[in-house]
Amino acid sequence: MRVLVTGGTGVVGNAAVTALLERGHEVRLLSRHAARDARRWSSGVEPSPGNVTEPASLRGAADGCDAVLHLVGVVAERPPKATLEGVNVEGTRNIVAEAERAGVRKFTFVSSLGAERGTSPYHRSKYRAEQIVRAFRGGWVILRPGNVYGPGDDEISLLLKMVRALPAIPVIGDGDQPFQPIWHEDLGAALARAVERDDLHRRVLELAGPERTTQTDLLDRLTALTGREPARVPLPALLAAIGTRVAAAVGVEVPFNESQLTMLREGSVIEDPAHNALTAVFGIEPTSLDEGLARLADEQPEQLPGQGVGRLRRKQFWADITGSPDTPEMLIDRLRRQFAEIMPIEVGSEPGAQIVPERGATITMSLPVRGNIQVRVAECGEHVLTLLTVEGHPLAGAVRFLAEERGDLLRFEVQTYDRPSSISDYLVMSTIGNLLQDLNWAAVVEHMVEAAGGRAAEGVQRDSEALDEEQTERIERWLEELAAALSRDERDVRRSLRSDAAHESGDSPTELRP
């Protein structure tokens, strides 16, 4: 089956597209930067550039498709381009019209748990969109998931980053508003099965995870995972609502916006477990909250230079070593094995965190004042080790370690390519941050000279420059492709493992549905 997926680049979309591919379907991905976004998967995804708020850009997107999975939606408005009315309501109207024009027979729409009773602007927009879907001339099904969490989500992932980085965290009201989060891969699996099944037409299904939680409970669990315990500052709900509006106006991230606060107060749970379609209809064994949070702690997305602010800067720190018995390969291997000792900051700062760099691994470290930060190993070759910063890091970019022979000399070099990740980080880097960064990488080079058993007659040498537009574009493309290749490889490994498991059980991918 060929499925047109709108919004396949977010937390839910990534999971849904992956699940569809695992079950043997073809995906046409509709997004503004579809060609770039489709590179996240090794095969099976056809890009279709378009914007649901621009009907002309949708023409032909659904041609030849058997089904549409409509995921595009916004929770927080960013006028004038992204509004609840423009994206959630009119965007749905536009994609329904395109599906009907192309003769698509099945339309699956992702709404929100509580949409029919909620009073938040987000819930009201989703409910109006539901009415548009109900008028679709083919078969339709509406799914209402609870709070979806996964790498990079706007709520629980953001709360995780705050626990890692901040000395104090606001707790809204008494912190006991219940909600029932669902792991993104569980929802992705349910969406893929909903698209396949013909017995669900004209049904509205609610889905949630297996456990209820609260902000207080989440903070307890995240504290245990990270080993950090920031102070908790009670914030009355009224002040929180005002604060989120102010924060949004100045571009500050908060874990719950005003609409989400309203949804929390109204309750985002399924009262009767028998009505939870995740298990009752789709037969999916749900991921426990503890397991999901543990995975979340190590699966936050990379933070590439395009996400930062200011000019992209390249720094180089190197030493030419004499008298060492090491080859370049031995030097990089030594760096990997002794990474925790060579780095001048604490490595493995969270319980159970990995400390040896391997491709795809997430390394957690601790920065003075800043808290816990992470990097992901994107390259692990004989002569090179490349780390990408992960969301929550004060920098958006990469650091590269290289070793090479230069005549009778053995050169070890550290290269950084980065921007501050936010305005506040820009201010810090402009004052003391750059100095601390320089001291850190110079110390790494010194430690490597010592570990290699040699000496560097000229000491640590360094260079720094702000890159021009052409250089910046080239570096950004290189790092985006590194991240995309890593993502593709990780998905292929998971896909292979699941395929092997299905083969051993005698099931084919399309036979896994109940």
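The values are calculated or read from the model by the stated rules, or taken from the named source; none is laboratory data. As the structure is a prediction and not an experimental result, all values here were calculated from the model. All Cβ positions, even for glycine, are placed from backbone atoms using ideal geometry, and neighbour counts span all protein chains on display. Quick note on the areas: whole protein, heavy atoms, side chains included, nothing else; ligands and nucleic acids left out. Shrake-Rupley method; radii C 1.70, N 1.55, O 1.52, S 1.80 Å.
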Do we have Asp153 as touching a helix residue (DSSP H, G or I) at 6+ places or on another chain (Cβ under 9 Å), of a type in the set (Asp, Glu) and surrounded by 24 or more Cβ atoms within 10 Å (Cβ to Cβ) here? no
Unmet requirement for Val110, which otherwise passes all of (1) under 21 Å from Phe282 (Cα atoms); (2) open to solvent by less than 10 Å² (accessible area, probe 1.4 Å): (2)
Residue list for the stretch 25-78, filter: among the polar types (S, T, N, Q), part of a loop (DSSP other than H, G, I, E, B) and in contact with a helix residue (DSSP H, G or I) (Cβ under 6 Å, 6 or more places away or on another chain): Ser42, Asn51, Thr53
Six or more apart or on different chains, Cβ under 6 Å: which pairs go from a residue in the stretch 121-133 that's more than 13 Å from Arg144 (Cα to Cα) and at pLDDT 95 or above to one that's among the hydroxyl-bearing types (Ser, Thr, Tyr) and surrounded by 23 or more Cβ atoms within 10 Å (Cβ to Cβ)? Could you list them? Ile132/Thr92
Taking only the stretch 396-424 into account, find how many residues are of a type in the set (Gly, Ala, Ser), under 20 Å from Pro301 (Cα atoms) and part of a strand (DSSP E or B). 3
List every residue pair whose Cβ atoms lie under 9 Å apart, where the two residues are 6 or more positions apart in sequence or sit on different chains, the first residue falls within the stretch 66-77 and is acidic (Asp, Glu), and the second residue, located anywhere, is part of a loop (DSSP other than H, G, I, E, B). Asp66/Met1; Asp66/His25; Asp66/Val104; Asp66/Arg105; Glu77/Thr83
Of everything in the stretch 448-473 that's open to solvent by less than 40 Å² (accessible area, probe 1.4 Å) and part of a helix (DSSP H, G or I), which residue is nearest to Gln307 (Cα to Cα)? Thr472
With respect to Arg400, determine if the residue is over 22 Å from Glu490 (Cβ atoms), open to solvent by 20 Å² or more (accessible area, probe 1.4 Å) and modelled with pLDDT of 95 or more. no
Residue ranges of strands (runs of 3 or more DSSP E) in the stretch 128-247 with at least 1 members in contact with a strand residue (DSSP E or B) (Cβ under 9 Å, 6 or more places away or on another chain), among the aromatic types (Phe, Trp, Tyr) and within 30 Å of Ala102 (Cα to Cα): 139-145
Going by what's in this entry, would Val12 be described as of a type in the set (Val, Ile, Thr), assigned to a helix (DSSP H, G or I), touching a His at 6+ places or on another chain (Cβ under 8 Å) and open to solvent by less than 70 Å² (accessible area, probe 1.4 Å)? yes
For the stretch 15-24, which residues satisfy the criterion of being among the charged types (D, E, K, R) and assigned to a helix (DSSP H, G or I)? Glu22
